[in-house]
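Q: Can you keep this structure in mind? I'll have questions shortly.
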Amino acid sequence: MFMSQPQLTPEQIAQMKRETLMCAARFSTAVIIFRLCNDRCVGITKNALDQVDLILIPVENTWKRKLLWKPDLGSYSVISLDKIRYHFDVQRLAKRNPSLKPWDVETIIQKFSSMDLDSNGGLDQRNLSKAVDDIEPGHTYDEVRSALKDIEVSRQGIVELDEFVELIAAIKKGKASGSVREKTGIENIGGAKTFNRRTIITSKQNQSTAHTINEDEKEEFTNHINLSLDGDKDIGYRLPIDPTSMQVFDECRDGLILSKLINYSAPDTIDERVLNRSRKLSPFQVTENNNVVVNSAKAIGCSVVNIGSQDLAEGREHLILGLIWQIIKIGLFANIDIKLHPELYRLLEEEETLEDFLKLPADVILLRWFNYHLKAAGWHRRVSNFSGDIKDSENYTVLLSQLAPNQCSRQPLNERDVLARAEMMLQGADAIGCRRYVSPKTIVNGNTKLNLAFVALLFNTHPCLEALEEDAEHAELDEFLFRDQYDRESRAFALWLNSLNVDPFVNYLFEDVKDGRVLLQAFEKIYPNSVMWRRVNKQDNLSRFKQIENTNYVVDLGKQFKFSLVGIQGADITDGTPLLVLAIVWQLMRANIIQTLHSLAVGNREVTDMDMVNWANRTAESHKPRFSTGSIRSFHDQQLKSGRFLLDVLDGMKGGIVDPNLVTSGVKEDDMKLNAKYAISIARKLGATIFLLPEDIVEVKPKMILTFIGSLMALGHASKPQ
């Protein structure tokens, strides 16, 4: 019946037996395994596995391992280990999911095996809805997604066979929602015709914690992603995302869409060469991408205090939606800048100085611009918000007719129904290419975020402000623009302060630190319990006297912690003197790096600049072969401008993180900038918070390079076992 066994060495027999036992050990103790004994079939249980013999039969001139398997007592046959595994998978999964028959399970296994699985046999969650539809049609993306949240998955964003079978069983039973429930509610506003749709999401880990997302915002932000990233070479195949489903949150898990969105809003923030862009990413690659997202979002001014890479990988809906809005808003607000639009000077009110105007956040400037055109149109109304004042669409109608009189008329004012009037107004917006972000319903509901986005779009495409002509206007503006020489440094310091979660948010450094409150919060973050808050004037709109009381306290604290503040008084901060403000904020930023390093280092000695230089040299030296030659002597070293030394440091921290094929010679300025941009994005990929720009490296700005090396050093010390 069977060919006799060939002569095998004891080691070969032992190895084959071990592999057989490993296969059998996966299954329950009730499994019966048979062996051939004197031409008779003898049944044994798992407890006697040491008695199992291996039967060898020739297959194409090779010996293939086979087990005797007897499905019933009447006969026995020779089948492969893979078939044994398949049989036991069917039985095991059918027993675990009693609502499924064994033949149902067989069909599911066969369908699952035919899908585009990763190297470990898992299905990407983004493809799950289609996979389910092939087996159990008629269920929406959100129903499948909700059912999956009841199931414990072993790998984030990946569904394995056992989990897929359990999911199908749950859907067959009609359990499309469970411990993580997504409920859509309706919030009536102003009658039955208008309503806000909100989805309530409770946490699987904490049933008492619930978060609400606005469905209208989710849909419009998804539409923004579809329009902005359409045709992208890396993710274009994933678009369009269905705006009516929760798909956008699953698409954002791997960091690619969010990275692309950041670069759309703030071009060149991320060097996309550092992103892991293949269609199947490992959990580690997803974490790297999300590190880039979180640290790059900080670098463009997003508040990400409570958002980590794991939150993105888990698809935390409320956090992802909030981050998407911040990224979109930064892009919309990017051009609301007097350096780009000097004609914004025309929005100054009587007796208002340019400095006072610059204190205004972008949304307030948009309201000022809105009202400027309403006044120019001879309209009797004004707007003070992006909700109640625009609900009836009358102000919108007048604004559009003023911006584009040939395409937009005031005809909608004759319509009495507010929804119909909003639709007529939006038809005019469509005529000038601006029908985005809002619908008649969200206008009538007064959705603040979406209406703000709509007005920002109108400003960006049709500002319609006259150019400056008068010498007096130019003189004051030129004086402000002269201070632009400090712009990059002040931008980095403002972003750093915001990363500490200070309140209020710092938009313009020299104006927003004048009352001392932000700087005192920074001292408290860096040196806990250092600020005696009873001495601080905490109210908004402080008088100059109260502001100087706070800023004098800032100077006192700086001296207490041995800052170099010779000749600096509180009044200098309150007056917004650029050099002096930069001096104290720089020392705060440096102290933050030193404190972080001190907390990670062994011993009590304070970390010096030279310690950071020496660490950088040692780390760079550990990378072979080197991109650069020699060591640096200080952060003023001109060798730094090529970016190659910094790439040595990064590869010394993690071998292979730098692709040598992407490193330029660093001789020409463009090549230097490419290396610098690459280094910054790799640092963020490793998890470092970086605020400098490529230009800071190319121009060898020692303060900014110190922050770069200091952040890397802190990251390196934090990753070492203590």
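The values are calculated or read from the model by the stated rules, or taken from the named source; none is laboratory data. Only a predicted model underlies this, so the values are computations on that prediction, with no experimental measurement involved. Reconstructed Cβ throughout: ideal geometry from the backbone, glycine too, with neighbour counts over all protein chains shown.
Q: Restricting attention to the range 649-691, report how many residues are touching a Lys or Arg at 6+ places or on another chain (Cβ under 8 Å) and on the phi > 0 side of the Ramachandran plot.
A: 1
Q: Across the range 516-555, what is the number of residues that are surrounded by 13 or more Cβ atoms within 10 Å (Cβ to Cβ) and either touching a Cys at 6+ places or on another chain (Cβ under 7 Å) or part of a helix (DSSP H, G or I) (or both)?
A: So the count comes out to 20.
Q: Report, by residue number, each residue of the range 301-351 that is among the charged types (D, E, K, R), surrounded by fewer than 18 Cβ atoms within 10 Å (Cβ to Cβ) and part of a helix (DSSP H, G or I).
A: Within the range 301-351, 311, 343, 346 meet the criteria.
Q: Among the residues of the range 104-127, what is the count of those that are more than 15 Å from residue 154 (Cβ to Cβ), in a loop (DSSP other than H, G, I, E, B) and touching a helix residue (DSSP H, G or I) at 6+ places or on another chain (Cβ under 8 Å)?
A: 2
Q: Something else: Return yes or no: is residue 584 farther than 20 Å from residue 510 by Cβ and touching a residue at least 40 places away in the same chain (Cβ under 8 Å)?
A: Criteria not met by residue 584.
Table: residues versus (1) surrounded by fewer than 21 Cβ atoms within 10 Å (Cβ to Cβ); (2) polar (S, T, N, Q).
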residue	(1), (2)
253	no, no
256	no, no
259	no, yes
262	no, no
266	yes, no
269	no, yes
276	yes, yes
283	yes, no
290	no, yes
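Q: Now for a separate question. Report the residue count in the range 115-142 for those that are in contact with a His (Cβ under 9 Å, 6 or more places away or on another chain) and more than 15 Å from residue 253 (Cβ to Cβ).
A: Count: 2.
Q: Filter the range 655-668 down to the residues that are surrounded by 12 or more Cβ atoms within 10 Å (Cβ to Cβ) and farther than 10 Å from residue 643 by Cα and list them by number.
A: The answer is 657, 658, 659, 662.
Q: So, one more: Listed residues 381, 421, 416; which is assigned to a helix (DSSP H, G or I) and basic (Lys, Arg)?
A: The conditions single out 421.
Q: Output the number of residues of the range 337-387 satisfying the condition of being in contact (Cβ under 8 Å) with a residue 40 or more places away in the chain and more than 25 Å from residue 504 (Cα to Cα).
A: Residues meeting the conditions: 6.
Q: Kindly list the number of the only condition in (1) more than 21 Å from residue 368 (Cβ to Cβ); (2) over 33 Å from the mean Cα position of the chain (by Cα) that fails for residue 432.
A: (2)
Q: Step by step: first the residues of the range 149-163, then only those that are outside any loop (DSSP other than H, G, I, E, B) and modelled with pLDDT of 85 or more, then the one that is surrounded by the most Cβ atoms within 10 Å (Cβ to Cβ). Which residue is that?
A: 159
Q: I would also like to ask the following. Of all the residues that make up the range 684-722, how many are without any contact (Cβ under 8 Å) to a residue 60 or more places away in the chain and surrounded by 21 or more Cβ atoms within 10 Å (Cβ to Cβ)?
A: Number of matching residues: 2.
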